[in-house]
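Visitor: One structure follows; several queries about it will come next.
None of the figures in this text is laboratory data; all of them are computed from the coordinates on show. Remember, it's a predicted structure, so these values are computed and weren't measured experimentally. Counting neighbours? That spans all protein chains shown, and the Cβs are built from the backbone with ideal geometry, glycine included.
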Amino acid sequence: MLSLSSKKGLHRLIYSSYSRLSSSEPSQPSKVDSSDESIPYKPYSPFPKPQGKIDYVITRLDDLADWARKNSIYPLTFGLACCAVEMMHIAGPRYDMDRYGVVFRASPRQADLLIVSGTVTNKMAPALHRIYAQMTQPKWVISMGSCANGGGYYHYSYSVVRGCDRIIPVDIYVPGCPPSAEALMYSILQLQKKIKSEKHIQSWYRK
């Protein structure tokens, strides 16, 4: 415990420090020179330096398009094995992915997300590639489950493709056998973050 004299000395020290701070003039913030050329320019940076009004407009258009795309994801009803049961759960009332703008479509021409849920066999590989080619641009792919990721339990089978990424490009992998509906929901939320950071119009304009 502090004695009475030490408490008074501590209070006096705090009061004197506060008086010096309040009496001193506030320091002016240093101005940043926007025309500084020492910063290297990266044309494909997620935060590029705008070159004029056109760049600003294109950046705003990209943000608007990304906002619309991430809130209106249309996955295709493409179930191959037991993982499809967990995929069906996220469309039910318990998880209700409709509140995030995720609505399942029955036609690949109306879908922009392909959830490969289950084992991809050699006979199914051409159909998978054809369905992916029929989807609209931009499009994304989620590989759901161990069988879709790398063959899973049937990795050494003669009739199974050891990963759907040998046929089509994959954006997000969901591990599990089968993964839970919460894991698939999390992967869709991560896909929304990825879509939000994409710059399609800006990359096309800078080519």
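Visitor: Any idea how many residues of region 82-108 are surrounded by 13 or more Cβ atoms within 10 Å (Cβ to Cβ) and either in contact (Cβ under 8 Å) with a residue 24 or more places away in the chain or in a loop (DSSP other than H, G, I, E, B) (or both)?
Guide: Number satisfying all stated conditions: 18.
Visitor: Conditions first: (1) surrounded by 14 or more Cβ atoms within 10 Å (Cβ to Cβ); (2) out of contact with any helix residue (DSSP H, G or I) (no Cβ under 8 Å at 6 or more places or on another chain). Arg130 passes all but one, so which condition is the exception?
Guide: (1)
Visitor: Anything in region 151-166 that is outside any loop (DSSP other than H, G, I, E, B) and in contact with a helix residue (DSSP H, G or I) (Cβ under 6 Å, 6 or more places away or on another chain)? List them, or say none.
Guide: Listed by number, the residues that qualify are Gly152, Val160, Cys164.
Visitor: Can you tell me which residues in region 109-124 are surrounded by fewer than 19 Cβ atoms within 10 Å (Cβ to Cβ) and touching a strand residue (DSSP E or B) at 6+ places or on another chain (Cβ under 9 Å)?
Guide: Of everything in region 109-124, those that are surrounded by fewer than 19 Cβ atoms within 10 Å (Cβ to Cβ) and touching a strand residue (DSSP E or B) at 6+ places or on another chain (Cβ under 9 Å) turn out to be Gln110, Thr121, Asn122.
Visitor: Tell me, which residue of region 118-141 that is out of contact with any Lys or Arg (no Cβ under 9 Å at 6 or more places or on another chain) and of a type in the set (Gly, Ala, Ser) is farthest from Val102 (Cα to Cα)?
Guide: Only one residue tops the list, namely Ala127.
Visitor: In region 143-150, is there at least one residue being part of a loop (DSSP other than H, G, I, E, B), crowded, with 21+ Cβ neighbours inside 10 Å and in contact with a Gly (Cβ under 8 Å, 6 or more places away or on another chain)?
Guide: yes
Visitor: Does Pro169 qualify as being assigned to a loop (DSSP other than H, G, I, E, B), surrounded by fewer than 17 Cβ atoms within 10 Å (Cβ to Cβ) and under 22 Å from the mean Cα position of the chain (by Cα)?
Guide: Judged against the criteria, Pro169 is a match.
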